[in-house]
Structures are given as structure tokens and as C-alpha cells.
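A.B. asks: Would you mind keeping the following structure in view while I ask a few things?
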Amino acid sequence: MENIINIQNLTKDYGLGRGLFGVNLSVREGEVFGLVGINGAGKTTMIRHLMGFLHPTRGKCSIMGEDCWRNAEELKTFVGYVPGEIAFPDVKSGIDFFKLQAEYMGMNGISRAVDLAERFNLDATARLKRMSKGMKQKSAIVNAFMSDSDILLLDEATTGLDPLMQKVFTDLVREEKHRGKTVFMSSHMFDELESVCDRVAFLKEGHIIDIIELSKIRGDERVKEYKIEFVNDGDYLAFLGKPFNVKQRQEEYKQVTITIPDDDINELFRVLSAFEVKYITQKPQTLETYFLEKYNNTEVSQ
Amino acid sequence: MNGTLMKQTIKNNISLWAILTIVQAFFIGAMVMGGKTPVSMTAMSYYALLPGLISAVYVIVTGNKLIAAQVDKGTMAYVLSTPIRRTKVALTQAAYFVGSLFAMFAIAGCTHIIAHRLGAGGISGDEVKAILLINAGLFMLNFALSGICYLASSVFNLSKYAIAVGGGIVGAMHLMSLMAKFNSSFDWLKSFSVVTLFDIDSILAFSNQQVLSMTGHAADAPDGAAFIWKFCILAAVGAVTYVAGSTLFAKRDLPL
């Protein structure tokens with residue numbers, strides 16, 4: 001598949017180590033690409049560059065081969081955007097807002113917006129000023145998707161949505177992906193990215209510290225992690241004497257966490273059968289555990 | 001220019017414009033109809049002070065609302081996430097600003113002419129000329145001052161800075177002109193303020209009207225053509241600030 005978004009050596013230096021530094025990444029057409037990092041890592045700065053709101057200090061970014069800064073307005077025909085901060089124009093209701101945006105976009109009608117609003121259980125006739133945080137967020141999402149753009153840039157689009165609506169949102173993103181859309185989304189909610197993204201980039205202090213294929217994390221890893229609690233100290237200590245790869249031990253609870261390849265799983269059961277086990281549980285590797293490990297182990301070179 | 005944006009801009013700014021325009025029309029109408037005040041008198045007791053201050057409020061508030069406030073709040077993100085060039089956004093806002101000021105003084109001037117005709121039972125060609133030129137002068141002055149606020153609005157991300165700088169300059173210029181007007185020892189302040197380029201005396205002399213001095217003593221015979229080059233300077237200040245504001249807005253980083 002062709003790369004539709006290209007970021008090359010993008011640097012935006014705000015001083016004091018803030019900004020983006022030498023970011024390289026590309027997003028393939030039809031891909032759902034996630035961007036994760038703590039507040040201030042540079043997620044919003046990156047998306048603002050793609051929108052042509054910010055001018056790079058060095059490097060460049062392009063969408064469909066067009067420079068994001070120079071050809072910003074031409075690109076907007078193909079891009080839907082949810083900004084990180086939601087502040088609506090001075091119009092009365094959600095419907096008025098969609099109509100206004102549709103007029104700017106040169107769209108005929110807002111039937112898709114009405115459908116989307118229904119899907120998100122959003123009463124778009126409500127006054128924008130009275131809307132709750134969640135309703136405003138839904139309105140922003142509807143606005144981004146209503147023009148049926150090929151590319152969607154979503155900056156923490158689900159902030160303020162309840163879990164049910166987050167599910168509606170992730171379903172929508174997945175559906176759009178199947179319709180061939182490319183989605184570039186930032187989030188600090190791992191489970192959201194985990195459920196929809198093909199790849200996720202980790203951003204720390206303006207640097208990309210890793211880009212991971214989600215399929216590598218989604219449960220088909222060959223080495224798994226198990227946590228075991230024993231009933232008595234004797235068994236706990238005896239188990240520690242066995243040749244397993246112990247990752248963590250919590251003596252006060254008589255708990256031990258080991259990692260073991262699938263091939264050796266029967267050896268584990270053979271050993272355990274001699275002991276009195278309180279419980280055993282597999283700890284699935286999630287994007288979150290992966291990220292936290294990576295985050296803490298990576299020092300960003302200044 | 002973008003029609004949709006223009007409609008939206010008019011909607012968001014028309015109420016303040018309407019109130020201030022009505023206040024001005026009401027003042028001049030009441031003064032001329034009620035007191036049968038001659039043009040030369042309105043020039044001294046009304047035009048020299050009130051319209052400048054009223055329009056300064058409009059210029060400062062609207063200047064900020066047109067760009068800086070929208071960047072500050074983030075609402076500009078929605079305009080710029082559609083295929084509209086930034087330059088077009090800037091020019092649409094500028095066109096509204098200049099157009100609304102023009103309409104404000106066109107209405108004020110027409111009200112004055114009509115009121116004078118009705119109140120004094122007639123109006124001479126010179127009087128019409130004086131009224132139109134005075135209002136044209138107010139427009140030129142506000143073209144320059146609005147340009148300064150527009151420039152401030154275009155370069156700052158935060159409303160408070162746009163108002164502090166744009167409003168600060170406009171306020172200071174009016175203040176300096178007032179101080180120079182009321183106390184001749186502050187005459188040197190005149191050269192720092194574009195407000196003094198709105199030369200009512202020269203306009204009155206040009207239209208063969210009596211020139212009354214503010215401080216009571218007989219006014220020096222004013223130069224009847226001086227207002228013309230002063231208009232040109234005001235036009236130049238306005239043109240430069242509007243062009244600079246639009247250009248800078250199109251080129252700068254926006255936190256949207």
C-alpha cells in the first residue's frame with residue numbers, strides 16, 4: 001500500500017526541550033495509525049503540522065504528496081479534523097454548526113451528519129453553549145466525519161465520552177477503515193488505540209521512541225506471562241528453586257510472576273501439580289504494559 | 001473573500017455596530033433638529049470628540065473579535081479545517097471591518113444632512129460638502145486605527161495581548177490628541193497621534209464654513225487643503241497595517 005502521510009525529520013523547537021525533534025513516520029493508505037504519549041509529548045503539535053497550522057522549524061510533512069504547510073487549503077478537501085480543544089463558532093445549535101461547516105466545505109446537505117448524530121445518540125438541536133463536554137465532543141466527531149473525507153486527523157477525539165460512546169466511536173473508525181479511509185489519531189487511552197489501530201507510535205518528549213504493529217501485541221506472542229499464588233510459604237519457596245524465568249516476586253502474598261514460552265507450558269503444569277496452588281492467571285500483554293515498559297526504559301537523548 | 005465567512009462575521013459583530021451607529025445618528029440628529037445647530041458648531045461641540053471615542057470602542061472590540069479572539073478560543077480551527085485559504089479569511093475579516101466603518105459614517109453623515117434639512121429648513125451645497133468631508137475624515141481616521149487593531153489581532157494568539165496592544169495604541173492616540181486639544185502646553189503630543197490628522201478646521205475652511213476655536217481665542221486661518229494630505233497619511237497607515245496584518249496572519253503559526 002502507498003504511503004499517504006509522510007513526516008520527514010520533522011522538528012519544531014519551542015525551546016526548553018519542548019516541541020518535536022527529528023520525527024520520521026509514514027502512514028499507509030487505509031491504515032489506522034495511533035499516536036500515544038503523555039501530555040506535552042508533542043501529539044497535538046504533530047497533528048497541527050499535518051493540518052498546516054504550524055510551520056516546521058526543520059523537515060517537512062506531506063499528505064498525498066502535497067506539502068501540509070504550502071498546500072494546506074487544497075488538502076482540507078480530503079481531511080476531516082477533530083481538534084484537541086473544542087470551541088465552536090458562534091452559532092446556535094449543533095445542527096446550525098453542521099450546516100455552517102457544510103457550507104464552508106461546499107457540501108450538499110448534512111444528511112450524513114444527521115445519521116452520525118443519531119448513531120452517537122446526540123441531540124444536535126441542543127444549544128451549543130448548553131452542551132455537556134461529551135455532547136460537544138460528539139458534535140466535533142460528527143463534524144469531522146460528516147464530509148466523508150479520505151483522511152481523518154483526530155486529536156484525542158474521545159475525551160469526555162462515556163465507555164459506551166467510545167465503543168460507538170471505535171466501531172465507526174473501524175467501519176471507515178473498511179471503507180478505505182486513513183485514520184491518524186492521538187490518544188492517551190491505550191485500550192482505545194489497541195482495539196482499532198494497525199500501528200501505534202510512542203512519543204516521548206518530542207521523539208518517537210517506538211512504532212509497534214498492534215498484531216504483535218494482540219495475544220499472538222509466543223512467550224506469555226503467568227502469575228501464580230501459593231497457599232503456603234514452603235511451596236512458594238520450593239517453586240522459586242525451579243528453573244523458571246521469574247519476572248517478579250511478591251513474598252508477602254506468596255505470589256510469583258514468570259514468563260514462559262508456550263512450548264514449555266507442560267513443564268510448568270508438571271511442577272505445579274506437586275504444589276498447592278491458590279490460583280494461576282495469565283497476564284496478557286497489552287499496549288499499556290508494553291508502553292510503560294518501553295517508556296521507563298527509554299532515555300531520550302537531548 | 002468568502003461569502004459564508006462574511007455572513008458569519010456580520011452576524012457576530014452587527015449588534016455592537018448597530019448600537020454605536022444608532023447612538024451616533026441619534027446624537028447628531030437630536031442636536032441638529034433640536035438646537036438648529038449650524039455645521040460649524042457641530043464640528044466643534046460634537047465631531048471633535050464624540051464620534052472618535054464611540055468608534056474607538058467599536059474598533060478595539062471588533063478588531064480583537066475578528067481574528068485574535070477566534071484563535072485564542074480555538075473557533076478558528078473550524079474555519080481553517082475547510083478548504084479556505086488563510087489569506088482569504090484575513091481579507092474577508094478586513095473587508096467586513098472597513099465596510100462596517102464606512103457604513104457607520106455614511107449613515108451618520110446622511111442622518112446629519114437629513115436632520116439639518118428638516119431642522120434648519122434647508123441646506124447649502126457647502127454645508128453638505130462639510131458634513132460629508134467630516135464623516136469621510138472620521139472614516140479615514142478609523143480606517144487607520146482599525147488597521148492598527150487588525151494588525152495586533154493578526155499577530156497575537158491571545159485576546160488579552162491583542163487588546164492591550166491594539167486598544168492601547170488607539171486609546172493612547174485619542175488621549176494624546178485630547179490633551180493637546182485642551183491644553184496647548186501638550187501641543188507636542190500632536191505629532192505622535194494619527195488622531196490629529198483628522199483636521200476638522202481645514203475641512204470647514206475648505207467648505208467655506210466658519211471655523212470656531214475650542215479655546216475661545218480666534219483660530220488661525222486654517223489651511224483649507226491641509227486635510228487632503230492628512231487623509232493620504234491616514235489612508236497609508238490603514239493600507240500598510242491591513243496588508244501587514246493579512247500577510248502575517250497567513251504566515252504565522254496558529255495554535256489550533
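The values are calculated or read from the model by the stated rules, or taken from the named source; none is laboratory data. The structure presented is a predicted model; accordingly, all values stated were derived computationally and were not measured. Cβ atoms come from the backbone with ideal geometry, glycine included; neighbour counts cover every protein chain shown.
A.B. asks: Does A:F275 fit the bill of being surrounded by 15 or more Cβ atoms within 10 Å (Cβ to Cβ) and outside the structural domain of A:I212 (by TED's automatic domain parsing)?
C.D. replies: For A:F275, the condition - surrounded by 15 or more Cβ atoms within 10 Å (Cβ to Cβ) and outside the structural domain of A:I212 (by TED's automatic domain parsing) - is met.
A.B. asks: A:E229 - would you say it is modelled with pLDDT under 90 and charged (D, E, K, R)?
C.D. replies: Criteria not met by A:E229.
A.B. asks: Out of all the residues in the stretch A:1-19, which are of a type outside the set (V, I, T) and assigned to a strand (DSSP E or B)?
C.D. replies: Within the stretch A:1-19, A:N3, A:N6, A:Q8, A:N9, A:L10, A:K12, A:D13, A:Y14, A:G15, A:R18, A:G19 meet the criteria.
A.B. asks: Moving to a separate point now. Consider A:E85 against the criteria (1) within 11 Å of another protein chain (Cβ to nearest Cβ); (2) under 23 Å from the mean Cα position of the chain (by Cα); (3) farther than 23 Å from A:L172 by Cα: it satisfies all of them except one. Which criterion is unmet?
C.D. replies: Here A:E85 clears every test but (3).
A.B. asks: Being touching a residue at least 60 places away in the same chain (Cβ under 8 Å), more than 7 Å from chain B (Cβ to nearest Cβ) and of a type outside the set (V, I, T) is the filter here, so list the residues in the stretch A:73-82 that pass it.
C.D. replies: Passing the criteria: A:F78, A:G80.
A.B. asks: Ok, one more. If you check A:G40 against the conditions, is it surrounded by fewer than 19 Cβ atoms within 10 Å (Cβ to Cβ) and facing chain B (nearest Cβ under 10 Å)?
C.D. replies: It is false that A:G40 is surrounded by fewer than 19 Cβ atoms within 10 Å (Cβ to Cβ) and facing chain B (nearest Cβ under 10 Å).
A.B. asks: Can A:M64 be described as more than 7 Å from chain B (Cβ to nearest Cβ) and either of a type outside the set (S, T, Y) or surrounded by fewer than 23 Cβ atoms within 10 Å (Cβ to Cβ) (or both)?
C.D. replies: yes
A.B. asks: Among the listed residues A:G206, A:G241, identify the single one that is crowded, with 18+ Cβ neighbours inside 10 Å, at pLDDT 85 or above and among the small types (G, A, S).
C.D. replies: Exactly one of A:G206, A:G241 is crowded, with 18+ Cβ neighbours inside 10 Å, at pLDDT 85 or above and among the small types (G, A, S), namely A:G206.
A.B. asks: Looking only at residues that are of a type in the set (S, T, N, Q) and surrounded by fewer than 23 Cβ atoms within 10 Å (Cβ to Cβ) in the stretch A:111-146, which one is farthest from B:Y78 (Cα to Cα)?
C.D. replies: In this case the residue turns out to be A:N121.
A.B. asks: Only one residue in A:N143, A:N121 is over 30 Å from A:S26 (Cα atoms), within 24 Å of the chain's Cα centre (by Cα) and polar (S, T, N, Q), so which one is that?
C.D. replies: Only one candidate passes the filter, namely A:N121.
A.B. asks: Which members of the stretch A:94-134 meet the condition of being within 14 Å of another protein chain (Cβ to nearest Cβ), outside any loop (DSSP other than H, G, I, E, B) and not charged (D, E, K, R)?
C.D. replies: If the condition is that a residue be within 14 Å of another protein chain (Cβ to nearest Cβ), outside any loop (DSSP other than H, G, I, E, B) and not charged (D, E, K, R), then A:G94, A:F97, A:F98, A:L100, A:Q101, A:A102, A:Y104, A:M105, A:A113, A:L128 are the ones that fit.
A.B. asks: Give me a count of the residues in the stretch B:197-256 that are within 14 Å of chain A (Cβ to nearest Cβ) and either assigned to a loop (DSSP other than H, G, I, E, B) or at pLDDT below 90 (or both).
C.D. replies: Adding up the residues that qualify gives 5.
A.B. asks: Still on this model: Looking at (1) within 14 Å of another protein chain (Cβ to nearest Cβ); (2) free of Cβ contacts under 8 Å to residues at least 24 places away in the same chain; (3) not charged (D, E, K, R), which is the one condition that is false for B:N12?
C.D. replies: (2)
A.B. asks: With the structure loaded, tell me whether B:V23 is within 30 Å of B:K251 (Cα to Cα) and either within 14 Å of another protein chain (Cβ to nearest Cβ) or surrounded by fewer than 17 Cβ atoms within 10 Å (Cβ to Cβ) (or both) or whether it fails that test.
C.D. replies: Here the answer is no, as B:V23 does not meet what is asked.
A.B. asks: Can you find even one residue in the stretch B:85-93 that is away from chain A (no Cβ under 14 Å) and either aromatic (F, W, Y) or surrounded by fewer than 20 Cβ atoms within 10 Å (Cβ to Cβ) (or both)?
C.D. replies: No: the stretch B:85-93 contains no residue that is away from chain A (no Cβ under 14 Å) and either aromatic (F, W, Y) or surrounded by fewer than 20 Cβ atoms within 10 Å (Cβ to Cβ) (or both).
A.B. asks: Return yes or no: is A:R70 free of Cβ contacts under 8 Å to residues at least 24 places away in the same chain and surrounded by 21 or more Cβ atoms within 10 Å (Cβ to Cβ)?
C.D. replies: no
A.B. asks: Quick one: in the stretch B:94-119, of everything that is more than 28 Å from B:Q8 (Cα to Cα) and small (G, A, S), which residue is surrounded by the most Cβ atoms within 10 Å (Cβ to Cβ)?
C.D. replies: Looking at residues that are more than 28 Å from B:Q8 (Cα to Cα) and small (G, A, S), I get B:A115.
A.B. asks: Of these, B:G122, B:G74, which one is in contact (Cβ under 8 Å) with a residue 40 or more places away in the chain and either surrounded by fewer than 22 Cβ atoms within 10 Å (Cβ to Cβ) or of a type in the set (F, W, Y) (or both)?
C.D. replies: Testing whether each residue is in contact (Cβ under 8 Å) with a residue 40 or more places away in the chain and either surrounded by fewer than 22 Cβ atoms within 10 Å (Cβ to Cβ) or of a type in the set (F, W, Y) (or both) leaves just B:G74.
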